[in-house]
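The values are calculated or read from the model by the stated rules, or taken from the named source; none is laboratory data. All of these numbers come straight from a predicted model, not from anything done at the bench. Positions of Cβ are generated from backbone atoms using ideal geometry, with glycine treated the same way; all protein chains shown enter the neighbour counts. Heads up: the accessible areas ignore ligands, DNA and RNA and are worked out on the full protein's heavy atoms, side chains in. Shrake-Rupley method; radii C 1.70, N 1.55, O 1.52, S 1.80 Å.
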Amino acid sequence: MLYIIAAIAALIGLFLAISFYTFYVCFYSKRNRTEDPYAVMRGKQYQEVKDNIIACTRIMDKAPCEWVYTQSTDGLKLAGRYYHTAEVAPLMILFHGYRSMSLRDCAGGYILAKKMGFNVLAVDQRAHAESEGRVITFGIREHKDCESWINFALKRFGDDTKIVLSGLSMGAATVLMASKLDLPKNVAAILADCPYSAPADIIRKVCRDRHMPDHLAYPFIRLGAWIYGRFDLEMITASNAVKKAAVPILLIHGEDDRFVPCEMSRLIHSCCASKSQLHTFGGAGHGLCYMVDPIRYEMITIRFLSELPALHTHMEMNEYAKEMKNNYG
């Protein structure tokens, strides 16, 4: 009997150890984390546009900004960079991707938003860069942080402020998950660039990419998230959230995305209850649509926002939007 008990205890210990390891690798964020905003991801797709990526980051980095803060519903201090354009301008809130930062992932979005005459709030997601937190939850908790930032914006800039939520990769999944919330009417649109359809979907895909059987690895990953991170990976998905969306949604995805398959945006688009558009970019890798074809990217965004009643007047008065429409139809 003792041997059986010892064997069971050893097996449980092994399960817990494996689950903790997966939690640490996938979800844990170190206290003294440091990131280089100018570091470009490895791989041919990124090296081909490396100079453009760095140039965009430098533009955002050199622009004057104000650090602003809000508190999450679970008590974390969240940080963001605010870039002012005009008192009555709409506000674009930008959300970056997994293990990145606003200064790296949001540079393209910042440049386009400023061209369109928006004020910009580029936030560091929980457990990243300047924001507090030790656990990354792939949008499970982060989507509620969108609500915290919206409330901050309305209090800071006024109840009539028009807001656009925009995200890249995990940030895109985050803002899409937020679409199911009872968002104020101030939120005029959601822009999602290369989102994953569900945390489980992207984790299983990465397991397969690393030659691990996802049907064996994923249960340990989910258990690690539940035991050590106190969250359920399957509590919410982007594809399910948009079934309750009331906000117009623009989806953009690279057809050669080797990290988050383009099919995930197609699935999300098919599930949208609100007005939505999906535009794909041939040959573009993960998060690289703007770098590969900035003119088309800008025109898609300008046309989409111009069609929305809440933003139509602003977009019609914006000189850059008018110039783009005149030159590229």
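Between a first residue in region 164-184 that is on the phi < 0 side of the Ramachandran plot and surrounded by fewer than 24 Cβ atoms within 10 Å (Cβ to Cβ) and a second residue that is in a helix (DSSP H, G or I) and of a type in the set (Asp, Glu), which pairs have beta carbons less than 8 Å apart while being 6 or more apart in sequence or on different chains?
LEU181/GLU147; LEU183/GLU147
Out of ARG156, ARG141, ARG134, report the one residue that is farther than 19 Å from ASN318 by Cβ, buried (at least 24 other Cβ atoms within 10 Å of the Cβ) and out of contact with any helix residue (DSSP H, G or I) (no Cβ under 7 Å at 6 or more places or on another chain).
On the way: ARG156 fails: buried (at least 24 other Cβ atoms within 10 Å of the Cβ); ARG134 fails: buried (at least 24 other Cβ atoms within 10 Å of the Cβ).
Every option except ARG141 fails the conditions.
For ALA246, all conditions in the list (1) assigned to a helix (DSSP H, G or I); (2) of a type in the set (A, V, I, L, M, F, W, C); (3) open to solvent by 60 Å² or more (accessible area, probe 1.4 Å) hold save one; what is the number of the exception?
All conditions pass for ALA246, except number (1).
Out of everything in region 192-205 that is aliphatic (A, V, I, L, M) and either in contact (Cβ under 8 Å) with a residue 60 or more places away in the chain or under 15 Å from VAL242 (Cβ atoms) (or both), what residue ends up being surrounded by the most Cβ atoms within 10 Å (Cβ to Cβ)? So that I can check it myself, show each step before the final result.
Pass one, region 192-205, residues aliphatic (A, V, I, L, M): 192, 198, 200, 202-203.
Now narrow it down to the ones that are either in contact (Cβ under 8 Å) with a residue 60 or more places away in the chain or under 15 Å from VAL242 (Cβ atoms) (or both): 192, 198, 202-203.
On the way: ALA192: 30, ALA198: 24, ILE202: 21, ILE203: 21.
So the residue we want is ALA192.
Kindly indicate which of ILE4, ILE53, ILE8 is of a type in the set (Val, Ile, Thr), in a helix (DSSP H, G or I) and under 26 Å from GLY117 (Cβ atoms). Full working, then the answer.
Working: ILE4 fails: under 26 Å from GLY117 (Cβ atoms); ILE8 fails: under 26 Å from GLY117 (Cβ atoms).
Going through ILE4, ILE53, ILE8 in turn, the sole match is ILE53.
Among the numbered criteria (1) assigned to a loop (DSSP other than H, G, I, E, B); (2) buried (at least 17 other Cβ atoms within 10 Å of the Cβ); (3) not polar (S, T, N, Q), which one does ALA189 miss?
Evaluating ALA189 over (1) assigned to a loop (DSSP other than H, G, I, E, B); (2) buried (at least 17 other Cβ atoms within 10 Å of the Cβ); (3) not polar (S, T, N, Q) leaves (1) as the failure.
Only one of these conditions is not met by MET235: (1) in contact (Cβ under 8 Å) with a residue 40 or more places away in the chain; (2) open to solvent by less than 60 Å² (accessible area, probe 1.4 Å). Which number is it?
The failed condition is (2).
Can you pull out the residues in region 47-57 that are in contact (Cβ under 8 Å) with a residue 24 or more places away in the chain and surrounded by fewer than 19 Cβ atoms within 10 Å (Cβ to Cβ)?
Within region 47-57, the subset in contact (Cβ under 8 Å) with a residue 24 or more places away in the chain is 49, 52-53, 56-57.
Those that are in contact (Cβ under 8 Å) with a residue 24 or more places away in the chain and surrounded by fewer than 19 Cβ atoms within 10 Å (Cβ to Cβ): VAL49, ASN52.
Please enumerate the residues belonging to region 70-102 that are open to solvent by 10 Å² or more (accessible area, probe 1.4 Å) and either farther than 27 Å from HIS314 by Cβ or within 13 Å of the chain's Cα centre (by Cα) (or both).
Hits for region 70-102 are GLN71, THR73, ASP74, GLY75, LEU76, LYS77, TYR98, ARG99, MET101.
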